[in-house]
There are 2 protein chains.
Amino acid sequence: MTDTETGSLVIIGGAEDKHGECRILRRLVEMAGGDRARMLILTAAAEEPGVVGATYRRVFGELGVAETFIIHVSDRAQANDPGLLSLLRHATGVFFTGGDQLRLTALLGGTTIDRALRQLHRRGAVIAGTSAGASAMSDTMIVGGHDDETATRNTVRLAPGMGWLTGVVVDQHFAQRGRIGRLLTALAQNPRVLAVGIDEDTAVEVGPAGELEVIGSGTVMVLDGSSCEHTNASEASSDQSLALTGVTLHVLPAGYRFIIDERLALPRKEAE
Amino acid sequence: MTDTETGSLVIIGGAEDKHGECRILRRLVEMAGGDRARMLILTAAAEEPGVVGATYRRVFGELGVAETFIIHVSDRAQANDPGLLSLLRHATGVFFTGGDQLRLTALLGGTTIDRALRQLHRRGAVIAGTSAGASAMSDTMIVGGHDDETATRNTVRLAPGMGWLTGVVVDQHFAQRGRIGRLLTALAQNPRVLAVGIDEDTAVEVGPAGELEVIGSGTVMVLDGSSCEHTNASEASSDQSLALTGVTLHVLPAGYRFIIDERLALPRKEAE
């Protein structure tokens, strides 16, 4: 995991509330310093960065953020522009929008911005991402696959992610798009990873010590392969149905926690 | 479970192959006696019993069944008609078609036909059901719910099933319709039950000793709540997100087995 100097992460399953209570984004702003928060919005993943950027600027403004910057890059040369560093330097929170997670990593991975963001995080800034921005948080990320389908190796495509969170594979829009098959397929290929499926309008907050806490209206499914007894992932052909036995499954709503290192699910601290 | 005199069950997740290899229906015919099989097709669940009955009559014919009878009942008086018993008496296999599982139990439950079918089963006839006919196999059956949705108690509606298989809740069209949420909701309300989600063109064959074996092209998900540590099912309101921790999950393709009493998943006997 990360050391205790670094900031937290907020990993959002997409379609978070932007008009009502805004429970997730409100919590993000609070973590980033509340009315002293300086939020950096990164729209590199988005198809329509202008629209997406403006939407989050509005919401963060309504939630009382002191300052909002938007950075959009559409090629790696821009992401290597040292002129952007002055914008980055004072951010207390970073927000990766949705879109295409592969664009995020292909455009930003290993660039000047990427390195600067990691420095920011080590100095305590909170790093958040929704939808594509959530997928890209893991070191191996899901880039595509089939929803609502029997799991085979073809069900999921993986690529190297941004690696803000190690040893974990994240999937988003989880219940809404019927994605347990593709998440199990990722898990079967190496049961060491923790598989985390996040519903829409739901997020996990990850503290520096690797404690997940659920926020929002849906649930987070945690699939722990450390108890796995058997899988056919290595011998099955890529279109053959998956076998996987003995996985431990947790369904966690808001307030529930999961300690990554101990593989331990914990109920809400007090009754609501 | 059942005692060792009784016949087997074949529980099919819907949309089983009826034109190609017909792996599931072929196996059913073999279990019912092959070219000496006498198959009884029960269309009570179906919206269009004529079409459905004719389809299965054709397939069973092509698979070499000696004789096929179709019984359709549309009210309980018909299901209590002792005249039907002569049709039933010599069947070696019984097939419940798809449709609406609630029609199946509301029309047949506790009638003369129902009692006669149980006698047949005790004398060794194989009992099969697909889709609605699969759901109705369990003692508590899923009659409806929401697909691809965060699990809450509203996600699933339950009713008393036909009870061919006790201690188990079955769901069908499982991966294809994103139904893990509704199956987990059923499980959370009593983790004692074994939750079994069957994909399309996939089935479990249940032997008299309570051993499940998977047939067909997809997978069967078995969710074992005996390891469950915590659920909020009793205190959560009906639209509040479900919590459920420590469930054991197995994904089983063709040839894999599960021993119900021992809660034990077993790989295929030999490599294919």
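The values are calculated or read from the model by the stated rules, or taken from the named source; none is laboratory data. Because the structure is predicted, anything quoted here is derived from the model rather than measured. We place every Cβ from the backbone using ideal geometry, glycine too, and count neighbours over all the protein chains shown. We work out accessible area using only protein heavy atoms, side chains counted, and drop any ligands, DNA or RNA first. Shrake-Rupley method; radii C 1.70, N 1.55, O 1.52, S 1.80 Å.
Could you say whether any residue in region A:109-121 is open to solvent by 40 Å² or more (accessible area, probe 1.4 Å), in contact with a Ser or Thr (Cβ under 6 Å, 6 or more places away or on another chain) and closer than 20 Å to A:Ser8 by Cα?
No, region A:109-121 contains no residue that is open to solvent by 40 Å² or more (accessible area, probe 1.4 Å), in contact with a Ser or Thr (Cβ under 6 Å, 6 or more places away or on another chain) and closer than 20 Å to A:Ser8 by Cα.
Restricting attention to region B:166-175, the residues being modelled with pLDDT of 95 or more and under 18 Å from B:Leu9 (Cβ atoms) number 6.
This table checks each residue for (1) away from chain A (no Cβ under 14 Å); (2) closer than 18 Å to B:Ala175 by Cα; (3) in a strand (DSSP E or B); (4) modelled with pLDDT of 95 or more.
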site	(1), (2), (3), (4)
B:Gly98	yes, yes, no, yes
B:Arg115	yes, no, no, yes
B:Ile127	yes, no, yes, yes
B:Ala134	yes, yes, no, yes
B:Val143	yes, yes, yes, no
B:Glu149	no, yes, no, no
B:Asn154	no, no, no, no
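Total residues in region B:156-168 satisfying the condition of being more than 11 Å from the chain's Cα centre (by Cα) and either among the basic types (Lys, Arg) or away from every other protein chain (no Cβ under 14 Å) (or both): the figure is 6.
Inside region B:157-272, counting only strands (runs of 3 or more DSSP E) that do not spill past its ends, which hold 3 or more residues that are open to solvent by less than 50 Å² (accessible area, probe 1.4 Å)? Give the derivation first.
Values: elements: B:168-171, B:194-198, B:202-206, B:211-216, B:220-224, B:244-252, B:257-259, B:264-266.
Fully inside region B:157-272 and qualifying: B:168-171, B:194-198, B:202-206, B:211-216, B:220-224, B:244-252, B:257-259.
Residue check: is B:Ser138 at pLDDT below 95, within 14 Å of the chain's Cα centre (by Cα) and crowded, with 24+ Cβ neighbours inside 10 Å? Spelling it out, B:Ser138 is indeed at pLDDT below 95, within 14 Å of the chain's Cα centre (by Cα) and crowded, with 24+ Cβ neighbours inside 10 Å. Tell me, yes or no, whether region B:171-182 has at least one residue that is touching a helix residue (DSSP H, G or I) at 6+ places or on another chain (Cβ under 9 Å), touching a residue at least 12 places away in the same chain (Cβ under 8 Å) and within 30 Å of B:Gln119 (Cα to Cα). Taking every residue of region B:171-182 in turn, at least one turns out to be touching a helix residue (DSSP H, G or I) at 6+ places or on another chain (Cβ under 9 Å), touching a residue at least 12 places away in the same chain (Cβ under 8 Å) and within 30 Å of B:Gln119 (Cα to Cα).
With respect to the conditions (1) closer than 21 Å to B:Val220 by Cβ; (2) within 7 Å of chain B (Cβ to nearest Cβ), A:Tyr256 lacks only one, and its number is (1). Remark: pairs (first residue in region B:233-253, within 27 Å of B:Ala203 (Cβ to Cβ) and facing chain A (nearest Cβ under 8 Å); second residue modelled with pLDDT under 90 and part of a loop (DSSP other than H, G, I, E, B); Cβ separation under 7 Å; 6+ apart in sequence or on different chains) = B:Val251/A:Ala151. Would you check if there is a residue in region B:77-88 being touching a Lys or Arg at 6+ places or on another chain (Cβ under 7 Å) and either closer than 20 Å to B:Asp139 by Cβ or free of Cβ contacts under 8 Å to residues at least 24 places away in the same chain (or both)? No: region B:77-88 contains no residue that is touching a Lys or Arg at 6+ places or on another chain (Cβ under 7 Å) and either closer than 20 Å to B:Asp139 by Cβ or free of Cβ contacts under 8 Å to residues at least 24 places away in the same chain (or both). Just one of (1) closer than 17 Å to A:Gly124 by Cβ; (2) assigned to a helix (DSSP H, G or I) fails for A:Ala91. It is (2). The set of residues from region A:176-225 being modelled with pLDDT of 95 or more, closer than 14 Å to A:Ile259 by Cβ and more than 15 Å from the chain's Cα centre (by Cα) comprises just one member, A:Asp224. B:Asp171 falls short of the stated requirement of being at the interface with another protein chain (Cβ under 9 Å from one of its Cβ atoms), within 12 Å of the chain's Cα centre (by Cα) and either within 29 Å of B:Ser234 (Cα to Cα) or acidic (Asp, Glu) (or both). Counting only strands (runs of 3 or more DSSP E) wholly contained in region B:1-72, the ones carrying 3 or more residues that are open to solvent by less than 20 Å² (accessible area, probe 1.4 Å), of a type in the set (Val, Ile, Thr) and within 15 Å of B:Ile127 (Cβ to Cβ) occupy B:9-12.
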